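Working notes, structure below.
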Amino acid sequence: MRWRIDLKYDGTAFHGWARQNDLRTVQGALEDALRVVLRLPEPVSMVCAGRTDTGVHARGQVTHVDLDGPVEPHRLLRGLNGVLPADVVVTAVAAAPEGFDARFSAMARRYVYRLCDEQAAWDPLTRGHVLRVPRPLDVERMNAAAAQLLGEHDFAAFCKKREGASTVRALLDFSWQRTAPGLLEGTVIADAFCHSMVRALVGSMLPVGDGRREVDWPAGVLAGKVRDSAVAVVPAHGLTLEEVRYPADDELAARALEARQVRGEVHQRG
């Protein structure tokens, strides 16, 4: 039976989501905890909605795992949180609806990047989750620049290219707001993201916000379809996966099939 497991984590001490030999990862910690709680002979592989990079945090990560035998969801949730390290918390365990796939059924992922552009507002207690920047930022300029990137495009200029992988994505929202004096949040929503895409998009906004680049500069970078060395990939610690969005239960299987077909066609073209 397939189970959906939702979780949060502080990515500071993890080498990303994906299990790696001799490195501490979120997947490794969760799979090891599952093995202990269910007394399995070996870890069972889990699938996540978004494979976060080293240092990236999550409040809304979603995974699935296929398990044999009976499982009591509430007891599994308590058991996992009893053995997981303090920087990972499972928030929900539920039987997955028919056709559910944590990765391929997802319609969109929402990330938030947090910045502090005022030294008086720098807070050592949030240094692991908020990027400090040395210059004040103009939110209106950043929003004007971000709006030009919305829609379906080839985001090769903002991604680390992987052999056989498409860099075409649908950017559904990219917007900035001040949440307090000196504090900004950038919301980025897309159907999916390629490697380092969010942090590169954010990196293209900083020189616009502080006036070093024109408002239309990020759109020009996008049109070039090649990595631009002038675009800095901002540090991982300011980024959090906040939410994964799924369609209605009766549309999950169709969405997963569509996504798999797209990935298959991309691989063949590559």
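Filter the stretch 177-230 down to the residues that are surrounded by fewer than 15 Cβ atoms within 10 Å (Cβ to Cβ) and of a type in the set (K, R), then identify the one that is farthest from E140 (Cα to Cα).
Checked the stretch 177-230; the qualifying residue farthest from E140 (Cα to Cα) is K225.
Name the residue that is surrounded by the fewest Cβ atoms within 10 Å (Cβ to Cβ), counting only residues in the stretch 146-159 that are touching a residue at least 40 places away in the same chain (Cβ under 8 Å) and out of contact with any Phe, Trp or Tyr (no Cβ under 9 Å at 6 or more places or on another chain).
Initially, the stretch 146-159 is screened for residues touching a residue at least 40 places away in the same chain (Cβ under 8 Å), giving 146, 148-149, 153-159.
Now narrow it down to the ones that are out of contact with any Phe, Trp or Tyr (no Cβ under 9 Å at 6 or more places or on another chain): 148, 153-154, 156-158.
On the way: Q148: 16, H153: 18, D154: 14, A156: 18, A157: 22, F158: 31.
Among those that are touching a residue at least 40 places away in the same chain (Cβ under 8 Å) and out of contact with any Phe, Trp or Tyr (no Cβ under 9 Å at 6 or more places or on another chain), it is D154.
Residues that are outside the structural domain of R169 (by TED's automatic domain parsing), basic (K, R) and at pLDDT below 95: does the stretch 247-256 have at least one?
yes
Within 23 Å of H237 (Cβ to Cβ) and in contact with a Gly (Cβ under 7 Å, 6 or more places away or on another chain): is that true of E163 in this structure?
Values: within 23 Å of H237 (Cβ to Cβ): no; in contact with a Gly (Cβ under 7 Å, 6 or more places away or on another chain): yes.
No: the conditions fail for E163.
Pick from A200, A253: which is assigned to a helix (DSSP H, G or I) and touching a Cys at 6+ places or on another chain (Cβ under 9 Å)?
Every option except A200 fails the conditions.
One residue is enough: does the stretch 230-241 have a residue meeting the conditions without any contact (Cβ under 8 Å) to a residue 24 or more places away in the chain and touching an Asp or Glu at 6+ places or on another chain (Cβ under 9 Å)?
Initial filter on the stretch 230-241 (without any contact (Cβ under 8 Å) to a residue 24 or more places away in the chain): 230.
When the remaining residues are screened for being touching an Asp or Glu at 6+ places or on another chain (Cβ under 9 Å), the result is none.
No: zero hits.
Is it the case that some residue within the stretch 243-265 is within 23 Å of D101 (Cα to Cα), of a type in the set (S, T, Y), surrounded by 15 or more Cβ atoms within 10 Å (Cβ to Cβ) and in contact (Cβ under 8 Å) with a residue 60 or more places away in the chain? Reasoning before the result, please.
The initial filter retains those residues of the stretch 243-265 that are within 23 Å of D101 (Cα to Cα), namely 243-265.
Still in the running and of a type in the set (S, T, Y): 246.
Subsequent filtering for residues that are surrounded by 15 or more Cβ atoms within 10 Å (Cβ to Cβ) retains 246.
Retained after the next criterion (residues that are in contact (Cβ under 8 Å) with a residue 60 or more places away in the chain): 246.
Taking every residue of the stretch 243-265 in turn, at least one turns out to be within 23 Å of D101 (Cα to Cα), of a type in the set (S, T, Y), surrounded by 15 or more Cβ atoms within 10 Å (Cβ to Cβ) and in contact (Cβ under 8 Å) with a residue 60 or more places away in the chain.
Can you name every residue in the stretch 54-109 that is of a type in the set (S, T, N, Q) and in a loop (DSSP other than H, G, I, E, B)?
Of the residues in the stretch 54-109, the ones of a type in the set (S, T, N, Q) are 54, 61, 63, 81, 91, 105.
T54, S105, listed by residue number.
Just the residues that are hydroxyl-bearing (S, T, Y), closer than 22 Å to L184 by Cβ and buried (at least 19 other Cβ atoms within 10 Å of the Cβ), please, taken from the stretch 76-133. Break it down stepwise before answering.
Within the stretch 76-133, the subset hydroxyl-bearing (S, T, Y) is 91, 105, 111, 113, 126.
Going one step further and asking which of them are closer than 22 Å to L184 by Cβ, we end up with 111, 113, 126.
Result: Y111, Y113.
Looking only at residues in the stretch 1-40 that are of a type in the set (D, E, K, R), touching a residue at least 60 places away in the same chain (Cβ under 8 Å) and not in a loop (DSSP other than H, G, I, E, B), which one is surrounded by the most Cβ atoms within 10 Å (Cβ to Cβ)?
Narrowing the stretch 1-40 to residues of a type in the set (D, E, K, R): 2, 4, 6, 8, 10, 19, 22, 24, 31-32, 35, 39.
Retained after the next criterion (residues that are touching a residue at least 60 places away in the same chain (Cβ under 8 Å)): 2, 4, 6, 8, 10.
From the residues that got through so far, the ones that are not in a loop (DSSP other than H, G, I, E, B) too are 2, 4, 6, 8.
Working: R2: 16, R4: 18, D6: 20, K8: 17.
Once the filter is applied, the top-ranked residue is D6.
The values are calculated or read from the model by the stated rules, or taken from the named source; none is laboratory data. Given the structure is predicted, the values throughout are model-derived calculations rather than measurements. When we count neighbours, we look across all protein chains shown, and the Cβ atoms used for this are built from the backbone with ideal geometry, even at glycine.
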